[in-house]
Structures are given as C-alpha cells and as structure tokens.
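Peer 1: Could you have a look at this structure, given as structure tokens, before my questions?
The values are calculated or read from the model by the stated rules, or taken from the named source; none is laboratory data. Values in this document were obtained by computation on a predicted structure and should not be read as measured data. A quick note on method: Cβ atoms are made from the backbone with ideal geometry, for glycine too, and the neighbour counts reach across all protein chains shown.
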Amino acid sequence: MLLAGSASAQKVNCANEFRSGKLYFSQAIYDKAVQRFATAVEVCPEKAEYRARYAIALAQYADVRLQDILTMEGDAREAGIDSVVTMTTRAGAEFDSSLVYDPGKKNQKFVRENREHYWVTLYNDGIKLLKDGNYEEAELHFRLSRMINPEEVKSFSQGALALINLDRKSEAAALVKEGLEKDPKDPSLNKLLESIYLEAANTLVHDAEGMSEKQGKEAQGAEKAKEAIQYLDEVLERRGGKDPDVLFDRGAAYLALGRAIDKADTSDVVPPDAVDVDMKAAADFAAAAELVPPDEENKDFHLAARFNEIQAYLNAEKYDETLEKVHAYVALDPTDPAIWQMWAICMNAKSNPEGAVAAVMTYKSLQGTKVPVADATKAPQKDAKTALDTLGKPDAAYSYQDAKSGEVIETWIWTAKRKVMNFILGKKNGELSW
C-alpha cells in the first residue's frame with residue numbers, strides 16, 4: 001500500500017506542476033512556466049504533452065529574453081546569449097522527445113504547428129536583420145532557428161550568408177555541408193557551397209602569388225596554393241569535371257604553386273616538382289580552352305586560357321612545346337604584343353638570335369603606332385616592295401622608333417599567310433612564320 005500511495009502522490013504532483021505551468025504561461029510569466037513544466041517533465045518524463053508544452057515555454061521565454069539581451073553589451077550580453085542558446089536547444093530537443101513518446105497524428109500536428117511558429121519568427125527576424133546589414137544578430141537568429149527545427153534547410157543557407165558577411169567563411173562552409181547532409185539536392189546550399197569554395201580559392205591564389213615574391217615566404221605560398229586546389233577539385237568534381245571557369249581557376253592555382261616551388265629552389269633549373277605542377281596547369285588551361293571555342297562571343301576567354309597554357313609551358317622551360325603553342329596562338333591573334341615577347345624568349349632559349357630579334361621588333365611595333373595599310377604600302381622600297389609583290393598587301397602594319405638608334409622599324413603582318421616581316425627603310429631586318 002505504501003508503494004501504491006507514493007506512486008499516486010507522484011502522479012498528482014507532476015499533474016499539478018503541469019497545470020501550474022499552463023497557468024503561468026497564460027499569464028505571460030514565462031520563467032515560472034518553464035520551471036513548472038521542467039518539474040513536470042522530470043517527474044513524468046513519458047508524458048508527451050508535458051514535453052511539448054515545456055518546449056513551447058522554453059521557446060517563448062527565450063524569445064522574450066532575446067529581445068532584452070540584444071540591448072545589452074559586454075559580458076552581460078554574452079552570458080544572456082548563452083542562456084538563450086541553452087533554452088532554445090532544449091526546446092528543440094523537447095519537441096523531438098514529445099514525438100518519441102507520442103508519434104500519433106494529433107501530437108504530430110500540435111508539435112509541428114508550434115515548432116513552426118517559433119522557427120518562422122526567428123527565421124523572419126533573421127532575414128530582416130540580414131537585409132539591414134546586422135549580420136551578427138542575423139547569424140544568431142538563424143542559429144536559434146536551427147535549434148528549434150534543424151530540418152529546415154533554409155536556416156542553413158541564410159545562416160551561411162550571415163557568416164560569409166562576417167568573414168567567417170570556414171564556418172559558413174561547414175554549416176552549408178551540415179545542411180547538405182539533410183538535403184543533398186538543395187539548390188541554394190549547393191550553389192552557396194561552390195560559391196564559398198571558389199571565393200576562398202581565389203583569395204588563396206592571390207595570397208600565394210604575393211608570398212611567392214617574398215623571400216622566405218615561398219613555402220607558405222605553396223601551402224595556400226595547395227589549399228586552393230583542394231577547394232577547386234571539389235567544385236570541379238561537383239560540376240562533372242568539365243566547367244571551363246573552374247578549370248581556368250585551378251590552372252591559375254597550379255601556376256601559383258609551381259612558381260612558389262620554383263622560387264624556393266636555389267638551383268639553376270626548374271625543379272621536377274615545379275615542372276609537374278606547371279604541366280597540370282597547362283592541361284587545365286588547355287581543357288578550359290577546348291570547352292570554349294574561339295568564336296566572337298568567347299574569343300577573349302579562349303585566348304586567355306591559351307595564353308596561360310603557354311605561360312605554364314614557359315615556366316617549365318619546355319621551349320619546343322611553348323613555341324608550338326605560341327604559333328597556334330598567333331594564328332588566332334597575331335596583334336597581341338605579349339605573345340611575341342614569349343616567342344622572343346623561346347628563340348633566345350633555342351639559341352636563335354635572329355628569330356629573337358624579329359620577335360622583339362614585332363613586340364615593340366605592336367606597342368607603337370598602327371599605320372593604315374594603304375599608307376604603309378604606298379611607296380614600298382627594296383625588300384618591302386618584293387614582299388608586297390610576292391605576298392600582296394599585309395593585313396596590318398605597325399611602326400616604332402628605336403630608342404637607341406633612332407631608326408624607324410616597320411612591321412607588316414599577313415594573317416592568312418601566317419607571316420610577319422620587319423623593315424628599316426624598306427630593308428628586311430626580320431621575318432617569322434607560324
């Protein structure tokens with residue numbers, strides 16, 4: 001009888017606590033309501049309604065406390081936020097527990113509606129704060145909304161945006177990944193993760209390039225480039241391995257890595273590790289170029305990819321391959337001065353001084369004055385006349401005055417015939433074909 005009497009008293013006690021909690025809640029005395037519901041749940045943990053009401057009281061009290069805490073400063077604010085986080089976390093857990101003890105449709109509806117109410121309040125407030133540029137408080141609201149209902153993936157994407165604006169990109173990426181575990185196909189989260197990775201990679205490559213120019217910083221530059229490549233590898237894999245923009249960015253990361261490795265080496269030759277990395281860069285730029293044909297709309301991108309591919313070969317000191325790629329590039333754009341500078345470097349490396357001089361004269365001419373073809377060919381002399389008679393009018397003509405000799409060098413380009421000639425007073429001083 002004694003045991004039965006104790007059990008009966010215990011049931012009455014938790015029921016009384018539960019009724020008191022409801023009364024305090026109706027009177028908006030939320031702290032006391034939380035206390036009463038907490039006791040009721042502790043004494044009778046199997047009561048699903050007790051747990052649901054406890055969750056509601058916790059969420060409501062946390063909301064009230066949050067409004068006051070956000071006006072505070074310093075340690076008091078931090079302590080208050082910690083208490084709100086604790087209450088909100090417990091509220092989410094109690095909603096879950098209520099469904100465990102009573103998975104029936106009625107309780108599911110009750111929990112869903114109340115949980116959604118508090119989630120919507122926190123989420124909408126977070127959106128407003130995000131739009132107002134109050135990123136710190138926005139991040140807090142989205143974090144609290146995830147505690148109330150961790151299945152709403154919109155809280156993950158918006159929370160990540162707040163973190164990005166707070167320059168906490170690593171946390172943002174981790175949060176997006178957490179959201180993707182719940183919904184791997186969510187378009188906003190997938191797009192956001194790729195955006196975070198691409199931005200992080202670009203920053204790392206920029207840092208790596210800067211460090212490679214500072215003695216003693218080359219190893220740090222290499223590590224940053226490697227980290228960028230890891231981010232780009234993941235984005236490229238997610239996009240099926242055939243995204244020209246990501247291939248281009250990864251090529252740039254490999255170039256930065258190769259440069260850092262080379263700068264750190266004290267030998268007179270490019271170290272094998274740097275050559276290997278440069279070849280990976282060349283392959284990425286080539287793949288990007290092949291995905292974007294050099295038509296009128298995409299020519300700039302295609303040429304940029306090809307130019308960087310050439311730079312990678314040049315960095316690796318593979319001069320035969322570089323020259324082959326230079327010829328292909330000039331066929332597409334013979335008026336780019338920089339490509340002739342690369343041609344000159346190859347000619348020097350291959351011990352061809354005449355070719356190097358011709359390439360340098362063309363490089364300088366293209367940075368000089370463009371001359372109307374009709375004017376350039378109006379009264380040709382000597383070799384210029386022979387060239388005109390043999391090849392016809394050039395497609396473009398340029399000239400510059402040599403700083404040392406004062407002589408005027410004229411350069412004619414025949415695009416279709418793939419030829420360039422340099423003249424001084426009509427006499428040929430250089431010729432190259434591609």
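Peer 1: So, of the residues in the range 122-167 that are within 18 Å of residue 190 (Cα to Cα) and among the charged types (D, E, K, R), which turns out to be surrounded by the fewest Cβ atoms within 10 Å (Cβ to Cβ)?
Peer 2: Selected residue: 151.
Peer 1: Quick one: is residue 186 charged (D, E, K, R) and in contact with a His (Cβ under 6 Å, 6 or more places away or on another chain)?
Peer 2: Details: charged (D, E, K, R): yes; in contact with a His (Cβ under 6 Å, 6 or more places away or on another chain): no.
No: the conditions fail for residue 186.
Peer 1: Name the residues in the range 1-38 that are at pLDDT 85 or above and not in a helix (DSSP H, G or I), would you?
Peer 2: Once the filter is applied, which keeps residues that are at pLDDT 85 or above and not in a helix (DSSP H, G or I), the range 1-38 yields 27, 28, 29.
Peer 1: Separate question: Consider the range 274-298. How many of its residues are surrounded by fewer than 16 Cβ atoms within 10 Å (Cβ to Cβ) and at pLDDT below 95?
Peer 2: Final tally of qualifying residues: 5.
Peer 1: In the range 398-434, which residue that is under 43 Å from the mean Cα position of the chain (by Cα) and of a type in the set (Gly, Ala, Ser) is surrounded by the fewest Cβ atoms within 10 Å (Cβ to Cβ)?
Peer 2: Across the range 398-434, the extreme among qualifying residues is 416.
Peer 1: If the requirement is being crowded, with 23+ Cβ neighbours inside 10 Å and not basic (Lys, Arg), which of these qualifies: 228, 219?
Peer 2: 228
Peer 1: Got a sec? Which of 401, 381 is closer than 16 Å to residue 366 by Cβ and either in the same structural domain as residue 340 (by TED's automatic domain parsing) or of a type in the set (A, V, I, L, M) (or both)?
Peer 2: Just one listed residue meets the conditions, 401.
Peer 1: Can you name the helices (runs of 4 or more DSSP H) wholly within the range 306-392 that have at least 2 residues being buried (at least 16 other Cβ atoms within 10 Å of the Cβ) and among the aliphatic types (A, V, I, L, M)? Lay out the reasoning, then the answer.
Peer 2: Details: elements: 319-332, 337-349, 353-366, 373-376, 382-391.
Passing ranges, in order: 319-332, 337-349, 353-366, 382-391.
Residue-by-condition table, conditions (1) at pLDDT 95 or above; (2) outside the structural domain of residue 68 (by TED's automatic domain parsing); (3) out of contact with any Lys or Arg (no Cβ under 9 Å at 6 or more places or on another chain); (4) within 27 Å of residue 78 (Cβ to Cβ):
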site	(1), (2), (3), (4)
130	yes, no, yes, yes
133	yes, no, yes, yes
143	yes, no, yes, yes
153	yes, no, no, no
158	yes, no, yes, yes
168	no, no, yes, yes
183	yes, yes, yes, no
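Peer 1: Another question, if that's okay. So, in the range 379-405, of the ones that are of a type outside the set (S, T, N, Q) and either touching a Leu at 6+ places or on another chain (Cβ under 6 Å) or at pLDDT below 95 (or both), which residue ends up farthest from residue 324 (Cα to Cα)?
Peer 2: 379
Peer 1: Could I ask something else about it? So if I check each of 259, 250, 239, which one is of a type in the set (Lys, Arg), touching a residue at least 12 places away in the same chain (Cβ under 8 Å) and surrounded by fewer than 23 Cβ atoms within 10 Å (Cβ to Cβ)?
Peer 2: It is 239.
Peer 1: Could you list all residues from the range 194-210 that are farther than 11 Å from residue 232 by Cα and among the charged types (D, E, K, R)?
Peer 2: 207, 209
Peer 1: What's the total number of residues in the range 393-422 that are polar (S, T, N, Q) and not in a strand (DSSP E or B)?
Peer 2: Number satisfying all stated conditions: 2.
Peer 1: Please list, ordered by residue number, the helices (runs of 4 or more DSSP H) wholly in the range 161-266 having 1 or more residues that are more than 26 Å from residue 130 (Cβ to Cβ) and under 15 Å from the mean Cα position of the chain (by Cα).
Peer 2: Correct list: 187-212, 218-238, 244-264.
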